[in-house]
Structure formats: structure tokens, C-alpha cells
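Here's the structure, in C-alpha cells; my notes come after.
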Amino acid sequence: MSQPQAPHPVGQLLKLGVAQAVLFVAGALLGRWIGLQLGLDAFGPNGYGNREIFGILLIGVGGGGGVQLARAWYDRKYGKPQR
């Protein structure tokens, strides 16, 4: 059985939070840009049709991907945080 891991210092967890926030925004903006390039405007003037829904989906996937990328970086550098 492995020994319990000590809690991560607050400074390290702050790095995780900031990295997740920054990469969430960057990923969402990238998803928005890709959507616009494909003609999928999430904020289109026609209400919520299929093109707008897929544009929103791309923004969500981009933001979520950014958060996961930040988490993977943190886990690789410091190990998984204790829950």
C-alpha cells in the first residue's frame, strides 16, 4: 500500500488555478476562432440554429481542452493533488 501524499502547498495550487483559468480562456477563444473559420458563429444573428449550436460546442470543447491541458501540465510537474 502506498503512503499518503502530503497536501500540495497553496502556491502550487494557485499555479494550477491560474493555469486552468488562462488556458480555459485561450482554448475558448481558439474554439471561437475555429468556429468562425468554419462558418459556425456561436453568436449569429439567426437565433440558435445548428450552426450556432456547433459554434457553442466548439467554444466549450476548446475551453475544456485548455483546462485539461493545464491539469496535465500540473500533474506532470508536481503530481496529482490530494483530494
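Nothing in this text is a laboratory measurement; each read-out follows from the coordinates by a stated rule. Bear in mind that the values here come from a model prediction, so they are computed numbers and not experimental data. Cβ: placed from backbone, ideal geometry, glycine included. Neighbour counts: every protein chain shown.
The C-alpha atoms of the chain define a longest principal axis, and helix 50-78 lies at about 20 degrees to it. Model label sites at residue 61 and residue 25, defined 7 Å from Cα along the beta-carbon direction, differ in position by 2.4 nm.
For the chain, the relative contact order works out to 39 percent when only alpha carbon pairs closer than 8 Å and six or more residues apart are counted.
Sort the chain into rounded, prolate or oblate with this rule: let a ≥ b ≥ c be the square roots of the eigenvalues of the Cα gyration tensor; rounded if a/c is under 1.5, and if a/c is not under 1.5, prolate when a/b is larger than b/c, oblate otherwise.
Values: a/c = 3.91, a/b = 3.21, b/c = 1.22.
Prolate shape, in that a/c is at least 1.5 and a/b is the bigger ratio.
Note down the magnitude of the dipole of the chain about its Cα centre, charges +1 on Lys and Arg C-beta and -1 on Asp and Glu C-beta and zero elsewhere, to the nearest 20 debye. Spell out each step's value before the answer.
Details: 8 positive and 3 negative charges, 77 e Å.
For the chain, the charge dipole is close to 380 debye.
Using the beta-carbon distance between residue 10 and residue 72 and R0 = 25 Å, what value does 1/(1 + (r/R0)^6) give for FRET efficiency, to the nearest 0.05? Efficiency, rounded to the nearest 0.05: 0.75. The C-alpha atoms of the chain define a longest principal axis, and helix 10-37 lies at about 20 degrees to it.
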